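Enquirer: Following this message is one structure expressed as structure tokens.
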Amino acid sequence: MLDAIWLVPALPLVGFLVLVFLGKRIGEPLSGWLATAMVFGSFVVSVLMGLSLLDAPDHTFELSLFSWIPAGDFQVDIGFLLDPLSMTMILFVTGIASLIHLYSIGYMHGDDRFPTFFTYLNLFVFSMLMLILGNNLLVTFLGWEGVGACSYFLISFWFTKDANASAGKKAFVANRVGDWGFMIAMFATFLAFGSLNYTTVLPEAPGLAIGVATFIAVMLFVGAVGKSAQIPLFIWLPDAMAGPTPVSALIHAATMVTAGVYLMTRVNPLIAASYEWVTWLIAGIGALTLLVAATIGLAQTDIKKVLAYSTVSQLGYMFLAVGSGGYAAAVFHMVTHAFFKALLFLGAGSVIHGMHDEQDMRRMGALRKLMPITFGTYVIGWLAISGLPPFSGFWSKDEILTYALNKSPVLYAVGLLGALLTAVYMGRQVFLVFYGEPRWNDPIPEDAPATAHTDDADDAPVDEAAHAADAHDEHAEVHPHESSWLMTLPLIILAIGAALIGFINIPFGDLDFLTRWLEDVDDLHANEAHLPYSSATILLLIIVSTVVASLGLALAWLTWIKGVLPRSLWERRFFLKAWYYDELVTRFMGGPGRALFEAIAWFDRTVIDGVVNGVGAGAQLAGRGLRRVQNGYVRSYALLITIGAILVIAFMFTRLLVR
Amino acid sequence: MSAGILATMASVAQTGIEPISGPIGIEPISAPVDGAVPTPEITWAALLPLIILGLGGLLLLTLSSLLKRKAPRALYPIWTIATAVLAVASVVPVWAKVQGFNSILWWDFRDLWWQPATTAPGPFSTLGGAYGVDGFSLFVTVLICCAVILTTLLISGYLQREELDGPEPYALLLLAATGGVVMAGANDLIVLFLGLETISIAVYVLAASHLRRAQSQEAGLKYFILGGFSSAFFLYGIAMVYGATGTTNLVLIKSSLAESIPRHDLLLLVGFAMLLVGFGFKVAAVPFHSWSPDVYDGAPSPVVAFMASAVKVAGFAALVRVFVAGFGQYAADWQPLIYALAVLSLVVGSSLAIVQTNVKRTLAYSSISHAGFILIAVEAASETGTAAVLFYAAAYTFMVAGSFGVATLVGRAGDGRHSLDDYKGLGRTNPVLAGTLTIFLLAQAGVPFTVGFVAKFYAVIAAVQAGSAALGVVAMLSAVIAAFLYLRIIVAMYMAEGDDGGSDAPADPADHIHVPRPAAAALAICVLVTIGFGLFPGWLTDMAADSTVVLVEQGSTDASTALPGGQTLIVDDEGNLVPAGDGAVAPTEASDPSADPATGDGAVEAPQVQDPAAAEGTASVERP
């Protein structure tokens, strides 16, 4: 039964192949339905696999499809490793992907390249599943690059706008840094273990020299930082919002960006075998990222950019969990985040769609009556991400905070502050979009600090106006409307998930199903931090979290509804400009960095290319000389053969002398 | 077959035959009692591919001359392809026998009347030990048949276009293939020479077969004269080796060399050298390469595809069989020569290729460079090296057949448009054709995810494992140089403007190249193989690794390379071919294939009942 696991990635692959060749002919909307059906089929198979896996010994199953690169010692198979970790991931990836595919049929309606969009989307799902299911680092890396490539394609899907194209490029460059780390880690792993297979490498990790283990773990972490948009490589993710909103929901919130967290969880024995400071590094980066991104989220004016920075921040929580030894907590947050963030993005998409491609929150307001379903589901996502019980985000974030406290009170404090800010910026977004006065046709206020946004060349503006501008020529009169059922149905399903999914792992009694389910993964259980807290302490921590989240929502209510607190308290220019980090990078790249790269480029041009061209030129020169021998006369050819023969025979005479 | 006998046979095969007393080779030939001529034992089933190919060629010639009216055009190519396919099919049971399988997938060989059941599973030899049947010879046989099929597909359209229709080219292809198969399995230098001459003479004629092109005639003549020249070297080498060892049988030569190291035998060493000259000429290794650019340039393009694939493959197969398997004891003496030939071929081949302006000449030099690559795997003189040779040969067969296939089409009527200028703008006028050629060129350059990369990779690995890291470096550097020449053609196709002006101009219908269906099929096969085995080389590498070359004397099998007992090959859960665990029936020991009157040609055979006792005392190999 479990042998059929190959069907899970194969179905989206089939969808991709069919759409590549026949997409144009199938057209809209059938191509969308085909893609959706494939991914949904994959989800159904995943569920069946999950049921079978319950009976499998150790809840683990490995399948080697075929030998891919048999090169002496270097053996790589295309193989799958199905264990509770990959099972959990493929379940939510295929499930959420199905919903987002469905939503996209509505969202992408009328787009010229409708079939192409679904082609990429299916390819993405296939790559993501290979990433998760691969039983060795190389297959994972293939998936890793595959999702990356799909991400670039989809970010710049509307490539006719410069900003979109350059956002794709930015994502590409930032990810290269991470991929470099992954590759180095892969080479080192092969040198150290002679294998890339998880089931071979990971059990042997404890015996590894601590320095080597540290090196591999840190290099893999570099890869994870790139893919999961952590400091210092987080800059690409906000710009990635240039892609269509379903892409943001699927790739840049729910699935691909969590690949780094997955990788770290997968190789937990390697982290355990490393120096202690590696865990501090991971937790530190996570904590820093979650705080910085949350502050930036406070001041953004673009509805999707708020969510983008929120994603960066939530990923920071996951890395904080990994660094604190809470692997199950990280996976748990990954799952809940996938639900509520996908919900929020799709909700935002619905708003953008209803507002005729308006993304600036300052031109929204009072939408709750006009878009009741979007509003209702959005509120559930909002409460979930803000961490209010009993919604899903509360349970997972609280568990991370518990692990953080176990690691260090400082980390706990940072996490708690992040939670407060999360509640504030999400409250701000909901109040700006759904409450207050309608500002649909207002000009963008000139005096606000946010105006800098528009005249900022470096800051890639996020707007999707281009793709549907022809459909809505009359932009002056905006009449917000609720979206079609294709878009609201996924919202409702996701809202149910976002509300309830937290109950798979409640920290009391035997209710921590997910944690116990994940115990069979590698050495996850052994390598997890063990919490010394009693139920009473945990209850106390829960109350603290709840109070903090409620405080955040109250502050937002006081600021944006009541007006008691000044908005400028939160909407600071420093935050809007993302701590000037982007500009710093730009300035460095334009100044001293540029000089450095010029120098490297010069070296490459003159020395490296010189050598290569020299080889070519030298060979040409030699070729001209040798060409003279090739004069077409049989007699000179025979002479050449004779000379060769004489040399060969003469050599044999020398052999005789040697003896 | 009891394990005891198997073990005995294995040990016999490993230790070779008993030392022959007295001066080697000068035993008096005992006069036949009763006046009966001693007839060597023949395992007809193992010769079936050979017989099918040879008979197919001869029948094609005879039957076509008997036809009153002109035969339908498609008859000859279909006949040729059918013959080659049949030959491949006849290899399968022999392969199973050699590898020790009773059945492959659903095909059970135990009940076949022509199942070669005389011996235990494992490589064996037949025709009095003159023809070896092992994984290696069978692999090469299949490869040559593939080359025949591809060439037939290419040449059928070509002959029609050039108005040269007739059965002769097809018959010659089949006869050449017969020669190649003989070379692949020859365990005797004389037999090897027979095969060499068969393939050579057939190809001389093929090279000259374009009646209206002077270059074609010239190419045939040049090839013939120089080929005769090198054959003389080869024959002289055989004579010298015979003089030194007293035999032309490779098994006996091997055992003779094994017992007499070190021997100060100039005769032997010069014999090696002469043989190497002959082989060097056949595989077009520098400095014995000079004929190949002229011949490749002049000969009809599909014939060049055959020359570059089948003829080279056969040459390399014989080289490996004679030098690696036969003269392995003296590797220290001939390895430096192969080393030098490899370096020269790599460097000269790729350097001269980039100064050419004619695409066929360019490909000829690139073919020399490829020969250098295969030579570095030969130089390794190891099992990895042999597997690498086979893999490279297989990969190269398809890459080069594809490349020259496109050259055939681009050459257009008259087969004359082969200059780089003729390829300019091909990407615009014939995008599919240009894309196909691009794939073959990139594969030849060794770009990853093509079969060419894997082939180069294994060759270099084999060299490095054998301790010749420097050779690997030279190979890779020359691959860099060679990449330039392939890119040059690609650049010409895509980036340079066509003769007729701007890129915006609509494609001139006259520029559109007609691609006949068979040629399209051939190119499609080549693309599939090039990409398919580039992405998933596992199956082919396993096959190549299983195809070991083993020298076994008549009446014995080398059981060490076979699986114990008769086994059934099945598809396991993971989709691999594995021996089945269930107790498959061991092959019957004393089956008597000669009981069937249909065995072949009504030849009188000696009783073929294998006596286990005789298998143990295999010292006496029948010699005339």
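The values are calculated or read from the model by the stated rules, or taken from the named source; none is laboratory data. No experiment lies behind these values; they were computed from the predicted model shown. Note that each Cβ is placed from the backbone with ideal geometry, even for glycine, and that neighbours are counted across all protein chains shown. Note: areas computed on protein heavy atoms with side chains; ligands, DNA, RNA excluded. Shrake-Rupley method; radii C 1.70, N 1.55, O 1.52, S 1.80 Å.
Enquirer: Taking the Kirkwood radius as the inverse of the mean 1/r across Cα pairs, report the Rg/Rh of the stretch A:511-611.
Expert: Values: Rg = 26.3 Å, Rh = 20.3 Å.
Ratio of gyration radius to Kirkwood radius for the stretch A:511-611: 1.29.
Enquirer: Counting only Cα atoms, I'd like the Rg/Rh figure for the stretch A:95-219, Kirkwood definition for Rh. Mind dumping the intermediate values first?
Expert: Values: Rg = 18.2 Å, Rh = 16.6 Å.
Result: Rg/Rh = 1.10.
Enquirer: Then there's this: Against the longest alpha carbon principal axis of chain A, how many degrees, from 0 to 90 and to the nearest 10, is the axis of helix A:485-500 turned?
Expert: Long axis of A:485-500 versus the principal axis of chain A: about 80 degrees.
Enquirer: Given the options A:Phe345, A:Gly644, A:Pro84, identify the residue whose Cα lies farthest towards the positive end of the charge dipole of chain A (+1 on Cβ of Lys, Arg; -1 on Cβ of Asp, Glu).
Expert: A:Gly644
Enquirer: Also: For the stretch A:523-563, what are Rg and Dmax over the alpha carbons, in angstrom?
Expert: That works out to 17.0, 52 Å for Rg and Dmax.
Enquirer: A follow-up question, please. Express the relative contact order of chain A as a whole percentage, based on alpha carbon pairs under 8 Å and six or more residues apart in sequence. Can you show the working numbers first?
Expert: On the way: 1083 pairs, mean separation 87.9, N = 659.
Once normalised by length, the contact order is 13 percent.
Enquirer: Measure out, as a whole number of angstrom, how far apart the alpha-carbon centroids of the stretch A:553-568 and the stretch A:35-114 sit.
Expert: 45 Å
Enquirer: Give me the percent of accessible area attributable to carbon and sulfur for chain A, probe 1.4 angstrom.
Expert: Numbers: 17060 of 24550 Å².
It is 69 percent, rounded to a whole number.
Enquirer: A follow-up question, please. Taking the Cα centre of the stretch B:149-237 as the origin, how large is its charge dipole in debye, to the nearest 20, when only Lys and Arg (+1) and Asp and Glu (-1) carry charge on their Cβ atoms?
Expert: Details: 4 positive and 7 negative charges, 38 e Å.
It works out to roughly 180 debye.
Enquirer: Also, I was wondering about something else. Calculate, for the stretch A:594-658, the solvent-accessible area per residue in square angstrom, rolling a 1.4 angstrom probe over the heavy atoms of the protein chains.
Expert: On the way: 4340 Å² over 65 residues.
So the stretch A:594-658 comes to 67 Å² accessible per residue, rounded to a whole number.
Enquirer: I want to verify the translational diffusion coefficient of the stretch A:230-280 in µm²/s; compute it with Stokes-Einstein, Rh as the Kirkwood radius over Cα pairs, at 10 °C and 1.306 mPa s. Mind dumping the intermediate values first?
Expert: Working: Rh = 12.8 Å.
Result for D is 124 µm²/s.
Enquirer: Chain A: D in µm²/s via Stokes-Einstein (Kirkwood Rh, Cα pairs, 25 °C, 0.890 mPa s)?
Expert: 93 µm²/s
Enquirer: Provide a whole-number value for the mean count of partner chain Cβ atoms within 10 Å of the Cβ atoms in peptide A:178-190.
Expert: 0
Enquirer: Between B:Leu75 and B:Leu487, what FRET efficiency follows from the Cβ-Cβ distance if R0 is 45 Å, with the result rounded to 0.05?
Expert: Values: r = 42 Å, r/R0 = 0.94.
Approximately 0.60, to the nearest 0.05.
Enquirer: Output the 0 to 90 degree angle, nearest 10, between the alpha-carbon long axis of helix A:634-658 and the longest principal axis computed from the alpha carbons of chain A.
Expert: On a 0 to 90 degree scale, this one is about 90.
Enquirer: Before anything else, pin down the relative contact order of the stretch A:306-400: Cα pairs under 8 Å, at least 6 apart, normalised by residue count, whole percent.
Expert: Working: 80 pairs, mean separation 31.6, N = 95.
Taking the mean separation of contacting Cα pairs over the length of the stretch A:306-400, I get 33 percent.
Enquirer: While we're here: Check A:Trp68: other-chain or 5+ apart residues with amide H under 5 Å from its amide H, H built from backbone geometry?
Expert: A:Val76, A:Asp77, A:Ile78
Enquirer: Additional query: Quick one: grab Rg to one decimal and Dmax as a whole number for the stretch A:280-435, Cα atoms only, in Å.
Expert: When restricted to Cα atoms, the stretch A:280-435 yields Rg and Dmax of 15.4, 48 Å.
Enquirer: Quick one: go through the stretch A:147-185 and flag any residue whose amide nitrogen is under 14 Å from the point 7 Å out along the Cα-to-Cβ line of A:Ala599.
Expert: none
Enquirer: Under a no-solvent Debye model with one identical scatterer per Cα of the stretch A:594-658, what's log10 I(q)/I(0) at q = 0.14, 0.24 Å⁻¹?
Expert: Scattering profile of the stretch A:594-658, log10 relative to I(0): -0.69, -0.95.
Enquirer: What is the spread of the Cα atoms of the protein assembly as shown along each of their three principal axes, largest first, in whole Å?
Expert: Between the extreme Cα coordinates on each principal axis of the protein assembly as shown lie 124, 74, 63 Å.
Enquirer: Mean projection of the alpha-carbon convex hull of the stretch A:321-577 over all orientations, in nm²?
Expert: For the Cα atoms of the stretch A:321-577, the hull's average projected area reads 15.9 nm².
Enquirer: Between A:Tyr633 and B:Asp165, what is the spin-label point distance in nm, taking each point 7 Å from the Cα along the Cα→C-beta axis?
Expert: If labels sit at A:Tyr633 and B:Asp165, their model points lie 4.4 nm apart.
Enquirer: Can you give me the convex hull volume of the Cα atoms of the stretch B:256-359, divided per residue and expressed in Å³?
Expert: Values: hull volume 9.6 nm³, N = 104.
Roughly 93 Å³ of hull volume per residue.
Enquirer: While we're looking at this one, here's another question. Looking at the P(r) of the stretch A:46-139, how many percent of alpha-carbon pairs lie beyond 15 Å? Write out the running numbers ahead of the final one.
Expert: Numbers: 2949 of 4371 pairs.
Looking at the stretch A:46-139, the distances longer than 15 Å represent 67 percent of pairs.
Enquirer: Out of all Cα-Cα pairs in the stretch A:166-248, roughly what percent, to the nearest whole number, are more than 22 Å apart?
Expert: 37 percent
Enquirer: Another question, then. In Å and on Cα atoms, what radius of gyration and Dmax does the stretch A:309-397 show?
Expert: Computed over the Cα atoms of the stretch A:309-397, radius of gyration and Dmax are 14.8, 46 Å.
Enquirer: Can you give the FRET efficiency for B:Leu477 and B:Leu266, using 1/(1 + (r/R0)^6), R0 = 51 Å, r = Cβ-Cβ distance, to the nearest 0.05? It would help to have the intermediate numbers written out before the result.
Expert: Values: r = 36 Å, r/R0 = 0.71.
Rounded to the nearest 0.05, the efficiency is 0.90.
Enquirer: Still on this model: What are the ³J(HN,Hα) couplings of the stretch A:246-259, residue after residue, when phi is run through the Karplus curve with 6.51, -1.76, 1.60 and θ = phi - 60°? Round to Hz, x for glycine and proline.
Expert: x, 5, 4, 5, 6, 8, 9, 9, 7, 10, 4, 5, 7, 4
Enquirer: Please give the helix A:162-193 orientation as an angle from the longest Cα principal axis of chain A, in degrees from 0 to 90, rounded to the nearest 10.
Expert: 60 degrees
Enquirer: May I ask for the equivalent-ellipsoid semi-axes of the stretch A:358-424, computed as the square root of five times each C-alpha gyration tensor eigenvalue and listed largest first in whole Å?
Expert: Working: eigenvalues 194, 40, 8 Å².
Semi-axes, largest first: 31, 14, 6 Å.
Enquirer: Would you mind giving the three semi-axes, in whole Å and largest first, of the ellipsoid equivalent to the stretch B:68-207 according to its Cα gyration tensor? Write down the numbers at each step before the final one.
Expert: Details: eigenvalues 194, 74, 24 Å².
Each semi-axis is √(5λ); the values are 31, 19, 11 Å.
Enquirer: Report the calculated FRET efficiency for A:Asp609 and A:Ser535 (r = Cβ-Cβ distance, R0 = 60 Å), to the nearest 0.05.
Expert: Values: r = 68 Å, r/R0 = 1.13.
Efficiency at R0 = 60 Å is approximately 0.35.
Enquirer: Still on this structure: With a point put 7 Å past each Cα toward its Cβ, work out how far A:Glu276 is from B:Ala469 in nm, to one decimal.
Expert: A separation of 4.1 nm, rounded to one decimal place.
Enquirer: Between A:Val44 and A:Gln75, what is the label-to-label distance in nm when each label sits 7 Å out along the Cα-to-Cβ direction?
Expert: Distance between label points: 3.7 nm.
Enquirer: Given the DSSP H assignment, sum -39500 (n - 2.57) over each helix run of at least 4 residues in chain A and divide by its residue total; what's the result at 222 nm in deg cm²/dmol, nearest 500? Before the final figure, lay out each step's value.
Expert: Working: 28 runs with 436 residues, N = 659.
Value at 222 nm, helices only, nearest 500: -22000 deg cm²/dmol.
Enquirer: So, with +1 on the Cβ of K and R and -1 on the Cβ of D and E, and no other charges, what is the size of the charge dipole of chain A about its Cα centre, to the nearest 20 debye?
Expert: Numbers: 35 positive and 50 negative charges, 337 e Å.
For this selection, approximately 1620 debye.
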